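Read-outs: derived from the displayed coordinates by stated rules, not from any lab. Keep in mind that this is a model prediction, so the values were computed, not measured. Don't worry about glycine lacking a Cβ; one is built from the backbone with ideal geometry, like all the others, and counts go over all protein chains shown.
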Amino acid sequence: MATELLSPLLARRRQGLHVVAGAPLLLLAVLLVAVVFSRSPLAVSSPELVDLTLVAGAREKGAVCLDGSPAGYHLRRGFGSGAHSWLIYLQGGGWCNTVKSCSDRKTTEFGSSKFMRAVEFTGILSNHHLENPDFYDWNIVVIRYCDGASFAGDAEGEDLDGTKLFFRGLRIWEAVVDELMAKGMDNAKQALLTGCSAGSLAALLHCDNFRGRFPQEVSVKCLSDAGFFIDEKDLSGKRSIRSLINGVVHLQNVREVLPTKCLQKKDPTECFFPAELIKSISTPTFILNSDYDSWQIRNILAPNGSYPGQEWTSCKANIRNCSSTQIDILHGFKKKLVSELKVAEENKDWGLFIDSCFTHCQTPFNISWYSQISPRLGNKSIAEAVGDWYFGRRQDVKQIDCKYPCNPTCSSLLPTA
């Protein structure tokens, strides 16, 4: 497995919705049905298209994509009471762990700004109150992901054709945040750092650094969506995910962003996993994840279709196709993930929303973020739970779902075939 399957790209094009591999199957069909037949907030508006901004002086700062092109971001200004509030969203989209896989990425929007276009803001990025009640009027920024190492690397390599490969995720992070501070984020009254998948892992990696950019009186928190990847053996007994991450860590030199305490005891590869990262994060953080995360089941637990005595292709495509034996194995995966969340569960300033939906990334989509058919825990949607936690409307905002298939509100996210 050379690269992570691309997580749902929150960029949705004017030509239509664009979701890359790794999104729940037939999510688009479900979304269209919801728009037409439900009275949910999904139907109230057209998404806002936000243009790309290239980082000023990117090449001089080293804030470049894999191919050396300038890094970029999308900024939609806040308004009204949200004019001094900032939400920074780190885009997901996989990792590259070899020269070959990074070379392949540089001919796509995940490795070059030459292929980036304007994107539509939906879900937690939406500027409509009925779709995004707590953050709709904030300054919202999507930082585009084009380094392949969760905005963490700082190195150079040589492509197979003799040209350079730039592993500059850390410099991209620093340059974009510096530029945003100069554009008014330095006067923020409150801020939230978040992301999806590989971008969610980046939010954990940079959470305390982000907190440190602001005066202590500013409310700064972090939200991780579908980024709690666990270091689990696959069904053949191999540690395929550890092998992938090991390649990323050493090829792209991510050591600088890893917790010092962890590095004193463990290998950098282990320190790149969220179970270790959260032990060192002091900033209040909310972990949103499925404990039957569809990407992790397909690529960490069962990266191949067939194993001795078991055929997993159908099960991986749709959890409803899994046999009772396979469901028991998935319950074991859930148990491991929940056990690694103990640090977050015991921290009073942290929040949890761990549902049993077979999905991956839930904040960038209206249907899962906030609608009448969103997943719910404790009778709260994801948006309501995150808002309650961020603004302190409720104490101890921590919900861990029961075993699949106990939660009927997950049905809207399940593939239908």
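Here region 27-413 is treated with +1 on each Lys and Arg Cβ and -1 on each Asp and Glu Cβ, and its dipole about the Cα centre works out to around 400 debye. Remark: the HIS250-LYS183 segment gains 20.7 nm on full extension, using 0.36 nm per residue and subtracting the alpha carbon distance.
A cut-off of 5 Å between modelled amide H atoms, ignoring neighbours fewer than 5 places along the same chain, links LEU52 with ALA118. Applying the criteria of a DSSP loop state and at most 15 other Cβ atoms within 10 Å to the trypsin sites (Lys or Arg not before Pro) of region 133-201 yields LYS183, LYS189.
Computed over region 27-413, the alpha-carbon pair-distance distribution with 20 angstrom bins reads 29, 61, 10, 0, each value a whole percent. Over 26 Å apart at the Cα level, from the set LYS164/LYS265; LYS279/LYS316; LYS61/LYS261; LYS238/LYS265; LYS238/LYS334; LYS233/LYS380, are LYS164/LYS265; LYS279/LYS316; LYS61/LYS261; LYS233/LYS380. Contact order, relative form, for the chain: 18 percent (alpha carbon pairs under 8 Å, 6 or more residues apart, mean separation divided by residue count).
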